[in-house]
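Asks: Okay, here's the structure, questions in a sec.
The values are calculated or read from the model by the stated rules, or taken from the named source; none is laboratory data. Values in this document were obtained by computation on a predicted structure and should not be read as measured data. Glycine also receives a Cβ, built like all others from the backbone with ideal geometry; neighbour counts cover every protein chain displayed.
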Amino acid sequence: MSKANRRRRQKQRRDQRAAQAAAQAVRTAEARSAVPRKTTTDPLTDISALRVSVEDVMAAGVRTEPMRWVIVRCAAMAERKVMTAMQEHRIMAYLPTHRFYRRPRGVLQRAERPLMVGYVFVGLAPHQSEYDLHLIDGIAGLLKSDGVTARINPWTIVQIAAMEAAGAFDHTGPRKPAYTKDQLVRIVSGWAMGHHARVVEATDGGLRVQFEGVFKGSPVPVGEEQVEAVDIPAAA
């Protein structure tokens, strides 16, 4: 498989995971919004169960009452442009993002992209109308249902913003290493392909291994993608 095809498939998988995460976020938010609550005026006052503060949610640009929340469809790769234009027109907008690692030219970098590619949540104040949105460059239209602009439950917006503030869409934090110290692994790529080694140190995204046999010496660094675990048969 060529590098171009590999990158294309990796991008497709990332987009698919992002779409699944966004859909799950909306489903979770809508399910929770259907539960009767003591507070019915402003969902921002009822997020204690989410373990985030009102300030965290509002920092994302989310307000509720008396906003009318809709979803706008953006032109290709125009989400940031639309967000900037919304600020200039003083129209409230929210663009949830998910963060991930990418490795261009072998260098690990943090990156982010919209959680729902091509869409932005927009909150309209009483003095604003949908017509105002059509005047903004980069907006291709509004999300409609049966020919009518779809309205989004304010609690859904708050829930997604709270989940983002809590790190639900951030995949750049430290993760548990896939391999443990003293584990036996096999090198599957590079100059030592096929040889066995013991894990000396496991870090986030990398390993230091010590080869066995003819290559035995000082520990050397390798990437997790260069090794695979070796199954040791259980003693009879």
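Asks: Just one of (1) farther than 30 Å from GLU225 by Cβ; (2) under 23 Å from the mean Cα position of the chain (by Cα) trips up ARG103, so point out which.
Replies: (1)
Asks: With ALA76, ALA150, ALA93 as the choices, which residue is exposed (fewer than 13 other Cβ atoms within 10 Å of the Cβ), farther than 30 Å from LYS3 by Cβ and modelled with pLDDT of 85 or more?
Replies: Result: ALA150 is the single residue among ALA76, ALA150, ALA93 that is exposed (fewer than 13 other Cβ atoms within 10 Å of the Cβ), farther than 30 Å from LYS3 by Cβ and modelled with pLDDT of 85 or more.
Results for (1) surrounded by fewer than 15 Cβ atoms within 10 Å (Cβ to Cβ); (2) closer than 20 Å to ALA229 by Cβ; (3) under 20 Å from the mean Cα position of the chain (by Cα), shown as yes or no for each residue.
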position	(1), (2), (3)
GLY138	no, no, no
LYS144	yes, no, no
TRP155	no, no, no
GLN159	no, no, yes
ASP182	yes, yes, no
VAL185	no, yes, no
LEU207	no, yes, no
GLY213	yes, yes, no
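Asks: Take segment 99-147 and flag every residue that is modelled with pLDDT of 85 or more and of a type in the set (S, T, N, Q).
Replies: If the condition is that a residue be modelled with pLDDT of 85 or more and of a type in the set (S, T, N, Q), then GLN128, SER129 are the ones that fit.
Asks: Can you tell me which residues in segment 133-163 are farther than 21 Å from LYS81 by Cα and charged (D, E, K, R)?
Replies: Passing the criteria: LYS144, ASP146, ARG151.
Asks: Here's something else I'd like to know. Looking for something among the small types (Gly, Ala, Ser), more than 24 Å from GLN109 (Cα to Cα) and not assigned by the TED database to the domain that holds ILE71 - is there at least one such residue anywhere in segment 168-176? It would help to see each step written out before you state the result.
Replies: First, pick out the residues of segment 168-176 that are among the small types (Gly, Ala, Ser): 168, 173.
Add one more test, that the residue is more than 24 Å from GLN109 (Cα to Cα), and what stays is none.
Taking every residue of segment 168-176 in turn, none turns out to be among the small types (Gly, Ala, Ser), more than 24 Å from GLN109 (Cα to Cα) and not assigned by the TED database to the domain that holds ILE71.
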